[in-house]
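To keep things clear, I will list the structure first and then write my remarks on it.
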Amino acid sequence: MSSCSDDFLNKADPTVLVAEGFYSNEKELEQAVAGVYGMLRNHFNSEWQFNEYISDNTTLHFNVGNRGQGPALEAIEFWQYNAATPNVAALYNNIYSIMVNINTTLKRLPDANASEAVKLRAEGEMKMIRAYLYFQLVQHFGDVIIVTEPVSTPSEAFALERQPVETVYAQIISDLDQAITALPATYPANQTGRVTKGAALSLLGKVRLTRKEYSQAIATLNQVVGLNYQLLPNYANVFAPANKNHSESIWAIQYQGDNLFGVHSSFIYTFAPRESGGAVINFPGQEGGGWNTPTKDIIAAYEAGDLRKAVSLKEGYFNLQGTWVPVPFINKYNHPHTIRGVTNDNWPVIRYADVLLMLAEAINEESGPTSDAYTHLNAVRERAGLDPLSGLSKDAFRTAVLHERRVELAFENHRWLDLKRTKTVPELVSFLNAYGLKERADPTTSRGGIPFSNDDFIFQPHQVLFPMPEVQTRINPSLRQNPGY
């Protein structure tokens with residue numbers, strides 16, 4: 001023992017992978033990139049809470065006997081969230097956890113023993129995903145911390161401060177510009193599911209549209225139109241697991257079911273009605289979570305003859321005794337599967353229909369309802385079996401596009417940001433409170449005699465942004481809280 005030097009004791013555990021010993025070759029670089037995609041699966045398992053459930057699109061199948069989600073999921077649905085709401089903190093923490101892996105991969109990437117083509121593509125993928133995550137952060141929280149390098153010490157972390165919205169958008173646009181240059185338009189079949197040039201262009205178009213930079217949005221989205229995407233003739237086929245990554249899919253989060261590899265989805269298990277007992281999910285006794293339930297409001301929004309309605313939702317179900325139960329549920333992710341709890345549904349993030357409707361919106365805002373604007377809008381309507389629109393004023397066309405986005409992209413995590421983009425804060429407050437009054441007066445699902453609290457479905461202007469999580473402001477007191485919380 002006396003002959004051993006201190007260096008002998010200062011060896012890394014050979015069973016533990018650390019950044020300093022990883023990213024050394026092409027295989028490890030590919031594993032690191034795949035790991036980021038894997039983290040996105042967990043993120044999208046709950047993103048519906050913050051983009052659909054919070055809006056007028058969905059509510060909950062009220063559970064009289066279990067009030068355990070009152071401070072969490074129900075707080076989001078009833079607009080009762082505050083700095084201590086755990087699900088808001090989870091959103092914030094999960095996004096920054098993914099950023100850790102993205103930034104570490106980007107930092108180590110130049111030194112990896114890999115081809116320049118692989119490194120360039122990996123850089124584009126990481127920056128595209130980082131841009132998407134920052135777009136979610138800035139929309140939900142406003143000013144946020146920008147971190148683009150690995151943080152190695154606590155002192156570095158405590159020095160980070162929230163940056164203005166404009167600075168965050170500058171970072172998003174910079175990342176997307178670089179991703180567009182680096183990413184290919186397509187991949188070989190064995191690499192399908194990676195983000196592409198089309199995905200980066202589509203997201204940049206959405207960012208430009210959100211910022212009301214309409215001419216830039218039009219120019220960017222027109223580039224997507226030139227990339228040979230097309231609407232599928234049948235709306236149901238857009239979501240069929242057997243038809244994944246089709247010509248309308250620009251970016252989808254990849255899940256794989258019918259095996260026990262642990263990369264499956266399970267959305268219908270969250271969305272199906274409680275007490276459905278195998279009548280909705282075809283396994284004996286299988287209940288649903290009763291979350292993200294379509295509201296009476298969106299059910300009424302579908303026009304007569306709209307082929308999308310039966311694909312997207314069901315207004316109820318027949319239980320195993322043959323009795324009709326009028327509890328609606330999302331049907332878009334309800335497909336046969338062989339293993340309980342293990343489904344094969346991808347999550348659509350960006351579809352070509354989304355791009356066409358964004359383009360119609362941008363053209364209308366820039367120039368009014370031109371023939372091109374009608375062409376893009378009506379392509380989506382005609383696929384749904386609806387008559388084309390014509391002769392609308394600019395304001396009426398704006399309303400028509402927002403309506404079309406609501407039903408075309410229902411339950412795909414677009415509604416909340418669409419409402420925020422297309423309405424001023426006073427307009428949004430008035431709109432949501434009017435919806436809240438309707439839901440209080442005629443709830444989508446029975447409340448079993450339990451009344452709403454006085455503050456349920458009362459939306460206040462400051463709630464257009466989520467609060468900074470209380471745990472973050474305790475850890476770092478220099479972080480400013482959003483007004484109103």
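The values are calculated or read from the model by the stated rules, or taken from the named source; none is laboratory data. Predicted, not measured: the structure shown is a model, and the values here were computed from it. Heads up, the Cβs are rebuilt from the backbone with ideal geometry, glycines too, and the neighbour counts pull from every protein chain shown.
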Mind checking which pairs have a first residue in region 172-184 that is at negative phi and a second that is surrounded by 21 or more Cβ atoms within 10 Å (Cβ to Cβ) and among the polar types (S, T, N, Q), Cβ under 7 Å, 6 or more apart or different chains?
Leu183/Thr196; Pro184/Thr196
Got a number for residues in region 474-485 being surrounded by 12 or more Cβ atoms within 10 Å (Cβ to Cβ) and at pLDDT below 95?
4
Cβ-Cβ under 7 Å, sequence separation 6+ or interchain: first residue in region 108-132 and assigned to a helix (DSSP H, G or I), partner of a type in the set (Lys, Arg). Which pairs?
Leu109/Lys119; Glu125/Arg194
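Take Gly193 and decide whether it is under 28 Å from Ala32 (Cα atoms), surrounded by fewer than 19 Cβ atoms within 10 Å (Cβ to Cβ) and not aliphatic (A, V, I, L, M). Break it down into steps so the answer makes sense when it comes.
Values: under 28 Å from Ala32 (Cα atoms): yes; surrounded by fewer than 19 Cβ atoms within 10 Å (Cβ to Cβ): yes; not aliphatic (A, V, I, L, M): yes.
Yes.
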Contacts under 7 angstrom Cβ, first residue in region 299-320 being without any contact (Cβ under 8 Å) to a residue 24 or more places away in the chain, partner surrounded by fewer than 20 Cβ atoms within 10 Å (Cβ to Cβ), 6 or more apart:
Glu315/Ile299; Glu315/Pro326; Gly316/Trp324; Gly316/Val325; Gly316/Pro326
Could you tell me which numbered condition Leu389 fails, if it satisfies all but one of (1) buried (at least 18 other Cβ atoms within 10 Å of the Cβ); (2) closer than 24 Å to Val224 by Cβ?
(1)
Cβ contacts < 7 Å: first residue farther than 21 Å from Gly142 by Cα, restricted to region 450-466; second residue assigned to a loop (DSSP other than H, G, I, E, B) and among the hydrophobic types (A, V, I, L, M, F, W, C), any location; separation 6+ or different chain. Result?
Ile450/Val64; Asp456/Phe78; Phe457/Phe78; Phe457/Trp79; Ile458/Trp79
Those residues that are of a type in the set (Gly, Ala, Ser) and surrounded by 20 or more Cβ atoms within 10 Å (Cβ to Cβ), I need them from region 266-278; list them, please.
Ala272, Ser276
It is to be established whether one or more residues within region 103-116 are within 23 Å of the chain's Cα centre (by Cα), under 29 Å from Arg211 (Cα atoms) and of a type outside the set (Gly, Ala, Ser).
yes
Go through region 324-358 and give me each residue that's more than 22 Å from Thr295 (Cα to Cα), β-branched (Val, Ile, Thr) and in contact with a Ser or Thr (Cβ under 8 Å, 6 or more places away or on another chain).
Val342, Thr343, Ile350, Val355
Taking region 287-329 and keeping only residues that are within 21 Å of Ala400 (Cα to Cα) and surrounded by fewer than 13 Cβ atoms within 10 Å (Cβ to Cβ), one is left with Ala300, Ala304, Gly305
Please find, among Ala373, Ala396, the residue that is surrounded by 17 or more Cβ atoms within 10 Å (Cβ to Cβ), free of Cβ contacts under 8 Å to residues at least 40 places away in the same chain and small (Gly, Ala, Ser).
Ala373
Picked from region 219-232 (must be buried (at least 23 other Cβ atoms within 10 Å of the Cβ) and of a type in the set (A, V, I, L, M, F, W, C)), the residue farthest from Lys420 (Cα to Cα) is Val224
Residues in region 232-253 that are of a type in the set (A, V, I, L, M, F, W, C) and over 10 Å from Trp347 (Cα atoms): how many?
6
Going through (1) touching a strand residue (DSSP E or B) at 6+ places or on another chain (Cβ under 7 Å); (2) in a loop (DSSP other than H, G, I, E, B) one by one, Ser152 fails only at (1)
Taking region 233-265 and the residues there that are farther than 22 Å from Arg381 by Cα and in contact with a His (Cβ under 9 Å, 6 or more places away or on another chain), the one that is surrounded by the fewest Cβ atoms within 10 Å (Cβ to Cβ) would be Ala242
Quick check on region 444-466. Is at least one of its residues surrounded by fewer than 19 Cβ atoms within 10 Å (Cβ to Cβ), over 24 Å from the mean Cα position of the chain (by Cα) and hydroxyl-bearing (Ser, Thr, Tyr)?
yes
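Answer yes if at least one residue in region 125-143 is of a type in the set (S, T, N, Q), more than 20 Å from Thr104 (Cα to Cα), assigned by TED's automatic domain parsing to the domain that holds Tyr53 and within 17 Å of the chain's Cα centre (by Cα), and no otherwise.
So far as region 125-143 goes, yes, one or more of its residues are of a type in the set (S, T, N, Q), more than 20 Å from Thr104 (Cα to Cα), assigned by TED's automatic domain parsing to the domain that holds Tyr53 and within 17 Å of the chain's Cα centre (by Cα).
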The lone condition Ser97 fails out of (1) more than 26 Å from the chain's Cα centre (by Cα); (2) at pLDDT 95 or above is (1)
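What are the residues in region 222-260 that are β-branched (Val, Ile, Thr) and outside any helix (DSSP H, G or I), if any? Explain how you work it out, then say what you get.
Of region 222-260, the ones β-branched (Val, Ile, Thr) are 224-225, 238, 250, 253.
Matches in region 222-260: Ile250, Ile253.
Just need a number here: residues in region 49-89 that are touching a Pro at 6+ places or on another chain (Cβ under 8 Å) and touching a residue at least 24 places away in the same chain (Cβ under 8 Å).
First pass over region 49-89, keeping only residues touching a Pro at 6+ places or on another chain (Cβ under 8 Å): 57-59, 61-62, 71-72, 81-86, 88-89.
From the residues that got through so far, the ones that are touching a residue at least 24 places away in the same chain (Cβ under 8 Å) too are 57-59, 61-62, 81-85, 88-89.
Here the count works out to 12.
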Which condition does His462 not pass, out of (1) assigned to a loop (DSSP other than H, G, I, E, B); (2) modelled with pLDDT of 95 or more; (3) more than 15 Å from Ala84 (Cβ to Cβ), if it passes all the others?
(1)
